[in-house]
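The next block holds one structure in the form of C-alpha coordinates; read it before the comments.
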Amino acid sequence: MGCIWLADIKSDWKGRYFFMPAEAGGRMAITHCCCDYPKVDGESLRKTWNNARPGFRDAWAREFGQWPKSSSGKYWPGHHIFDLGHGGPPTAPGNVLPAPDDVHNIFNSEYPACYAPGGKWLTPGPERPYVD
(Lines give C-alpha, C1' and ligand atoms only; values in the text may rest on other atoms or scores of the structure.)
Protein backbone atom coordinates (compact mmCIF):
# COMPACT_ATOMS: atom_id res chain seq x y z
CA MET A 1 0.00 0.00 0.00
CA GLY A 2 2.99 2.28 0.53
CA CYS A 3 6.35 2.50 2.28
CA ILE A 4 7.66 4.99 4.81
CA TRP A 5 11.36 5.79 5.10
CA LEU A 6 11.92 6.11 8.87
CA ALA A 7 15.66 6.50 9.29
CA ASP A 8 18.93 6.48 7.41
CA ILE A 9 21.75 5.38 9.70
CA LYS A 10 25.25 6.15 8.51
CA SER A 11 28.41 4.77 10.04
CA ASP A 12 32.03 5.62 9.33
CA TRP A 13 35.14 4.04 10.77
CA LYS A 14 38.82 4.93 10.50
CA GLY A 15 41.53 2.88 12.07
CA ARG A 16 44.22 0.34 11.37
CA TYR A 17 43.97 -3.15 9.96
CA PHE A 18 47.10 -5.32 9.89
CA PHE A 19 49.09 -2.18 10.81
CA MET A 20 47.86 -0.35 7.69
CA PRO A 21 45.49 2.65 7.66
CA ALA A 22 41.94 1.57 6.86
CA GLU A 23 38.50 3.16 6.44
CA ALA A 24 35.06 1.64 6.21
CA GLY A 25 31.46 2.65 6.52
CA GLY A 26 27.99 2.04 5.32
CA ARG A 27 24.40 3.09 5.41
CA MET A 28 21.29 1.32 6.53
CA ALA A 29 17.81 2.50 5.57
CA ILE A 30 15.05 1.64 8.01
CA THR A 31 11.71 1.52 6.26
CA HIS A 32 8.26 0.09 6.84
CA CYS A 33 5.98 -0.95 4.03
CA CYS A 34 2.32 -0.74 4.97
CA CYS A 35 0.89 -3.78 3.24
CA ASP A 36 -2.64 -4.95 3.83
CA TYR A 37 -1.90 -6.14 7.35
CA PRO A 38 -5.20 -6.48 9.22
CA LYS A 39 -5.80 -4.22 12.19
CA VAL A 40 -5.59 -6.00 15.52
CA ASP A 41 -6.50 -5.08 19.07
CA GLY A 42 -3.04 -3.92 20.08
CA GLU A 43 -3.92 -3.60 23.79
CA SER A 44 -2.24 -6.88 24.78
CA LEU A 45 0.76 -6.09 22.56
CA ARG A 46 1.02 -2.63 24.15
CA LYS A 47 0.85 -4.21 27.62
CA THR A 48 3.65 -6.63 26.68
CA TRP A 49 5.77 -3.69 25.46
CA ASN A 50 5.09 -1.61 28.58
CA ASN A 51 6.16 -4.51 30.83
CA ALA A 52 9.28 -5.27 28.76
CA ARG A 53 10.44 -1.67 28.15
CA PRO A 54 13.05 -1.37 30.99
CA GLY A 55 14.65 -4.71 30.13
CA PHE A 56 14.57 -3.86 26.43
CA ARG A 57 16.42 -0.60 27.09
CA ASP A 58 19.04 -2.49 29.14
CA ALA A 59 19.57 -5.01 26.32
CA TRP A 60 19.80 -2.13 23.82
CA ALA A 61 22.40 -0.40 26.02
CA ARG A 62 24.61 -3.50 26.08
CA GLU A 63 24.75 -3.57 22.30
CA PHE A 64 24.40 0.06 21.16
CA GLY A 65 25.03 2.27 24.20
CA GLN A 66 22.66 4.06 26.53
CA TRP A 67 19.05 4.44 25.31
CA PRO A 68 18.71 8.13 24.30
CA LYS A 69 17.14 10.69 26.61
CA SER A 70 15.77 14.17 26.02
CA SER A 71 17.44 17.21 27.55
CA SER A 72 14.94 16.95 30.43
CA GLY A 73 16.21 13.41 31.20
CA LYS A 74 13.11 11.61 29.89
CA TYR A 75 13.74 8.49 27.80
CA TRP A 76 12.88 8.71 24.11
CA PRO A 77 9.90 6.59 23.11
CA GLY A 78 10.53 3.32 21.35
CA HIS A 79 8.89 3.42 17.93
CA HIS A 80 7.64 0.08 16.62
CA ILE A 81 8.58 -0.07 12.95
CA PHE A 82 5.94 -2.74 12.27
CA ASP A 83 3.32 -1.08 14.44
CA LEU A 84 1.45 -2.77 17.26
CA GLY A 85 -1.93 -1.78 15.78
CA HIS A 86 -1.27 -4.12 12.87
CA GLY A 87 0.30 -6.99 14.82
CA GLY A 88 3.96 -5.98 14.98
CA PRO A 89 6.09 -7.88 17.50
CA PRO A 90 6.27 -5.74 20.65
CA THR A 91 9.74 -6.77 21.86
CA ALA A 92 11.62 -7.87 18.73
CA PRO A 93 15.02 -6.13 18.78
CA GLY A 94 14.83 -5.24 15.08
CA ASN A 95 11.35 -3.75 15.41
CA VAL A 96 11.95 -0.96 17.94
CA LEU A 97 13.78 2.26 17.13
CA PRO A 98 14.33 5.08 19.66
CA ALA A 99 12.89 8.36 18.40
CA PRO A 100 12.62 11.81 20.00
CA ASP A 101 9.07 12.74 21.09
CA ASP A 102 8.42 15.14 18.21
CA VAL A 103 9.67 12.67 15.59
CA HIS A 104 7.70 9.82 17.20
CA ASN A 105 4.55 11.96 16.98
CA ILE A 106 5.19 12.50 13.26
CA PHE A 107 5.69 8.76 12.71
CA ASN A 108 2.43 8.00 14.51
CA SER A 109 0.48 10.61 12.53
CA GLU A 110 1.85 9.33 9.18
CA TYR A 111 1.22 5.62 9.73
CA PRO A 112 -2.55 5.83 9.06
CA ALA A 113 -1.79 7.58 5.74
CA CYS A 114 0.60 4.77 4.83
CA TYR A 115 -2.15 2.17 5.30
CA ALA A 116 -4.81 4.24 3.49
CA PRO A 117 -5.33 3.38 -0.16
CA GLY A 118 -4.36 6.17 -2.54
CA GLY A 119 -2.24 8.01 0.01
CA LYS A 120 0.91 10.01 -0.60
CA TRP A 121 3.09 7.07 0.47
CA LEU A 122 2.29 5.24 -2.78
CA THR A 123 4.31 7.67 -4.90
CA PRO A 124 8.02 6.97 -5.28
CA GLY A 125 10.36 9.44 -3.70
CA PRO A 126 13.78 10.57 -4.90
CA GLU A 127 16.44 7.91 -5.43
CA ARG A 128 18.52 9.41 -2.66
CA PRO A 129 16.42 11.50 -0.29
CA TYR A 130 19.33 13.65 0.86
CA VAL A 131 22.94 14.24 -0.03
CA ASP A 132 25.89 14.16 2.35
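These residues, Val96, Val103, go from largest to smallest accessible area, 1.4 Å probe, as Val103, Val96. The 1.4 Å probe gives accessible areas that order Tyr115, Tyr17, largest first, as Tyr17, Tyr115.
Once all protein chains are placed together, Asp58 keeps about 90 Å² accessible to a 1.4 angstrom probe.
Obtain the radius of gyration and the Kirkwood radius of the chain from its C-alpha atoms and give Rg over Rh.
1.03
Accessible surface ranking for Phe64, Phe19, Phe82, Phe107, 1.4 angstrom probe, highest first: Phe19, Phe64, Phe82, Phe107. With respect to the chain, whose longest principal axis is taken over its alpha-carbon atoms, helix 43-64 is tilted by about 0°. Modelled this way, with points 7 Å down the Cα-to-C-beta line, the labels at Ala113 and Cys33 are 2.1 nm from one another. Accessible surface for the chain, divided over its residues, is 69 Å² per residue with a 1.4 Å probe. Overall form of region 58-98: oblate. Here a/c, set by the Cα gyration tensor axes a ≥ b ≥ c, is 1.5 or more, and a/b is not larger than b/c. By the beta carbon rule, with partners counted only under 4.7 Å, the chain holds these lone Cys residues: Cys35.
The values are calculated or read from the model by the stated rules, or taken from the named source; none is laboratory data. In this text the structure is predicted, and so the values were computed from the model without any measurement. Don't worry about glycine lacking a Cβ; one is built from the backbone with ideal geometry, like all the others, and counts go over all protein chains shown. Remember, those area values only see protein heavy atoms, side chains included, never the ligands or the DNA or RNA. Shrake-Rupley method; radii C 1.70, N 1.55, O 1.52, S 1.80 Å.
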